[in-house]
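Comments concern the structure below.
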Amino acid sequence: MTDNIKKNAVQRMTKTLESLRNELGKVRTGRAHPSLLDHVMVDYYGNMVPLNQVANVVASDSRSLAVTPWEKNMVAVVEKALRTSDLGLNPSATGVVIRVPLPPLTEERRRDLVKVVRHEGEGAKVAIRNVRRDANQELKALLKEHKISEDAERRAQDEVQKLTDKNIGEVDRMLAVKEADLLEV
């Protein structure tokens with residue numbers, strides 16, 4: 001019984017780490033990366049769809065991206081979507097390819113992005129702690145129903161705590177890497 005609770009906790013904590021990894025990938029550093037445009041939505045014949053469903057996005061060099069829509073008539077629509085996105089980009093279309101130069105980050109913007117990253121990390125830590133709380137409540141309920149002994153409950157709680165500490169350490173490591181990447185000039 002405790003194995004199921006621990007397995008569930010491991011799965012939920014792993015999902016939290018994956019979610020954090022995805023969120024950190026969206027935060028723009030000084031380098032061009034195709035995933036920066038993942039959340040840009042494009043009006044595709046009346047439907048709002050992610051950019052990667054209507055165009056190919058590649059990093060042409062470390063400071064610019066090249067976006068190639070799959071349909072020629074989508075060039076202007078994709079360019080407008082990039083221009084109006086919250087990323088502050090200034091794309092320019094040359095034929096069927098849209099060049100997206102990424103301006104270097106200012107020191108102030110870097111500091112703001114570090115705050116955003118820390119906030120995301122804190123949210124992930126809270127989620128991991130909530131998983132621990134839920135697991136401990138399930139263990140207490142099993143103890144109350146006399147389905148497990150006090151020793152088994154204590155051992156399982158210790159294992160859940162070790163799992164929590166390990167995952168929070170991983171969050172801290174991910175944040176340190178991202179912060180170093182953001183502050184690198």
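Computed quantities for the displayed model
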item: From the options GLU79, GLU18, GLU71, residue that is exposed (fewer than 15 other Cβ atoms within 10 Å of the Cβ), over 29 Å from ASN167 (Cβ atoms), among the acidic types (Asp, Glu) and without any contact (Cβ under 8 Å) to a residue 24 or more places away in the chain; result: GLU71
item: Count of residues meeting criterion [surrounded by 13 or more Cβ atoms within 10 Å (Cβ to Cβ) and farther than 14 Å from ASN4 by Cα] in segment 156-165; result: 3
item: Residue within segment 12-35 that is within 30 Å of HIS146 (Cβ to Cβ), of a type outside the set (Val, Ile, Thr) and either in a helix (DSSP H, G or I) or out of contact with any strand residue (DSSP E or B) (no Cβ under 9 Å at 6 or more places or on another chain) (or both) present; result: yes
item: When residues of segment 97-113 are limited to those that are surrounded by fewer than 14 Cβ atoms within 10 Å (Cβ to Cβ) and at pLDDT 80 or above, the one nearest to the chain's Cα centre (by Cα); result: ASP112
item: The one condition in (1) among the hydrophobic types (A, V, I, L, M, F, W, C); (2) under 17 Å from the mean Cα position of the chain (by Cα); (3) surrounded by 19 or more Cβ atoms within 10 Å (Cβ to Cβ); (4) in the same structural domain as GLU138 (by TED's automatic domain parsing) that VAL40 fails to fulfil; result: (4)
item: Residue within segment 84-93 that is within 23 Å of LEU182 (Cβ to Cβ), of a type in the set (A, V, I, L, M) and surrounded by 12 or more Cβ atoms within 10 Å (Cβ to Cβ) present; result: yes
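The values are calculated or read from the model by the stated rules, or taken from the named source; none is laboratory data. Every value quoted in this text rests on a predicted model; they were computed, and no experiment measured them. A quick note on method: Cβ atoms are made from the backbone with ideal geometry, for glycine too, and the neighbour counts reach across all protein chains shown.
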